[in-house]
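One structure is given below, encoded as structure tokens.
The values are calculated or read from the model by the stated rules, or taken from the named source; none is laboratory data. Owing to the predicted nature of the structure, the values given are computational and were not obtained by experimental measurement. Every residue, glycine as well, gets a Cβ built from its backbone with ideal geometry; the counts of neighbours run over all protein chains shown. Areas reflect the complete protein model, heavy atoms only, side chains present, ligands, DNA and RNA absent. Shrake-Rupley method; radii C 1.70, N 1.55, O 1.52, S 1.80 Å.
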Amino acid sequence: MTMPRPFTPRPAARNFDAKDAAGGPDLGALPVWDLTDLYAGQEDPKLAADLESLAKDASAFATLYEGKLALLTAGEMRSALERLEARSRLETRVMSFADLLYAQNTSDAGRAKFYSDIQAKLTEVSTPLVFFDLEVNRVPDDVLEGWLSTDAELARYRPLFERIRAMKPYQLSDEVERLLHDQSVVRGAWVTLFDEAMAGMRFEVDGKALALEAALNLLTDHARPRRQAGAEALAKGLAEKQQLFARITNTLAKDKEITDRWRQMPTPQTGRHLANQVEPEVVDALRSAVVAAYPDLSHRYYALKAKWLGLDMLEVWDRSAPLPTEAQKIVPWGEAEGIVLDAYGEFDPRMAELGKPFFERGWIDAGATPGKAPGAFAHPTATDVHPYLMLNYLGKPRDVMTLAHELGHGVHQVLAAGQGELLARTPLTLAE
């Protein structure tokens, strides 16, 4: 592993003009992340010190607890969890910094290498801790219940124990589990390849090379020829990458099939259900209800939309078309901020208070800049820092709704942080 590039302190939050940076209308000054609340830069001495601390702590923790969990008192188990929680908080800070830096520009070779190096390093230094979940699943039920019933502080962690023990039927030998842990970095590399390929794609429309977000934006254009041009450019560009994307998908699918087979999981969905903490019957019932409602909702809606648009049949580029009555409006960033915070304030004044720092302190990266990861997300980072939001804001009303949605995650993450690193995270089913 080679050393990261020379240390250059990252400046505080800056702004750019969306007309120049994103090729879109003038949206005003869009915010950019200030990541200095995590680290000053890739060569920040604190980052190097934290990585060294994580490596030493993992070895010391394993020496102290491996092979002994079932013999601990409730107080000793609580101390072990508190130590793991502090470590997890530091590990999350490190990985969040690398993740966010990379998401800003996946085409930057230095950032991509830094991200991969950090991912590999954290996988390496956490290998000594693989034993913990495996041993928790070997603790007799009566011992676990004795801990939780006699120590109120430890009882807070019952949901954590339940999540760990849900994997008990599918747990493999310690040696195989360590192998799967170490190989996770290889699996992650395939995902990174997909992300970089998508972010680097350009789609030609009317002689202009558009990034993915700008091309997708055409699908909501009022002019049907523009929608069609966007859809055809997307189809052509994606077809040219078909071989690469098929290789990535098939490799990841086979990797999952092998892991599921070794774990003897009954269905391909079992792992996702466990991660989402949801029963398969609930998902099946939801799916069945949605499919049964197709004729009354989806089919009826598209038939009405075709009528409103004056078409006999909708093409694929008409699915997201705005209705003829919808105003052709571009929402500048400042106006979007006001709309969202006003709506939050009407719901509860504290919601607006919690949301305001995101706009004021460099917690949002809004522009659709070259190389930026597509889509949008809210990243919780470590519970002793704060979340960051990523958008690809182009000023459409749907972009305002995306801002409101992601800020909702951000506010939730701020409120959940007090639960601590091991309990603050929510499964997808709850978060969404």
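The residues in region 272-314 that are touching a Leu at 6+ places or on another chain (Cβ under 7 Å) and under 30 Å from Gln228 (Cα atoms) can be counted, and the count is 4. Within region 319-351, the set of residues being among the hydrophobic types (A, V, I, L, M, F, W, C) and open to solvent by less than 20 Å² (accessible area, probe 1.4 Å) comprises Ala321, Val331, Trp333, Ala336, Val340. Before we move on, is Asp260 surrounded by 15 or more Cβ atoms within 10 Å (Cβ to Cβ) and free of Cβ contacts under 8 Å to residues at least 24 places away in the same chain? Here the answer is yes, as Asp260 does meet what is asked. Filtering region 24-46 for residues that are surrounded by 15 or more Cβ atoms within 10 Å (Cβ to Cβ) and of a type in the set (S, T, N, Q) leaves a non-empty set. Reported count of residues in region 47-68, each being more than 26 Å from the chain's Cα centre (by Cα), of a type in the set (A, V, I, L, M) and surrounded by 15 or more Cβ atoms within 10 Å (Cβ to Cβ), is 1.
Conditions (1) out of contact with any helix residue (DSSP H, G or I) (no Cβ under 8 Å at 6 or more places or on another chain); (2) open to solvent by less than 40 Å² (accessible area, probe 1.4 Å); (3) in contact (Cβ under 8 Å) with a residue 40 or more places away in the chain, marked per residue:
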{"site": "Phe194", "(1), (2), (3)": "no, no, yes"}
{"site": "Met201", "(1), (2), (3)": "no, yes, yes"}
{"site": "Glu204", "(1), (2), (3)": "no, no, no"}
{"site": "Glu213", "(1), (2), (3)": "yes, yes, yes"}
{"site": "Gln228", "(1), (2), (3)": "no, no, yes"}
{"site": "Ala235", "(1), (2), (3)": "yes, no, no"}
{"site": "Leu238", "(1), (2), (3)": "no, no, no"}
{"site": "Leu244", "(1), (2), (3)": "no, no, yes"}
{"site": "Asn250", "(1), (2), (3)": "yes, no, no"}
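Quick check on region 159-170. Is at least one of its residues touching a Lys or Arg at 6+ places or on another chain (Cβ under 7 Å), at pLDDT 95 or above, open to solvent by less than 60 Å² (accessible area, probe 1.4 Å) and in a helix (DSSP H, G or I)? Within region 159-170, one or more residues are touching a Lys or Arg at 6+ places or on another chain (Cβ under 7 Å), at pLDDT 95 or above, open to solvent by less than 60 Å² (accessible area, probe 1.4 Å) and in a helix (DSSP H, G or I). Based on what the data block shows, is Ala292 on the phi < 0 side of the Ramachandran plot, open to solvent by 70 Å² or more (accessible area, probe 1.4 Å) and either among the small types (Gly, Ala, Ser) or at pLDDT below 95 (or both)? When the stated conditions are applied, Ala292 passes them. How many residues are closer than 21 Å to Asp99 by Cβ and not aliphatic (A, V, I, L, M) if we restrict to region 386-419? Going through region 386-419 one residue at a time, the tally reaches 13.
Residue count for region 69-108, restricted to those that are basic (Lys, Arg), surrounded by fewer than 20 Cβ atoms within 10 Å (Cβ to Cβ) and in contact with a Leu (Cβ under 8 Å, 6 or more places away or on another chain): 2.
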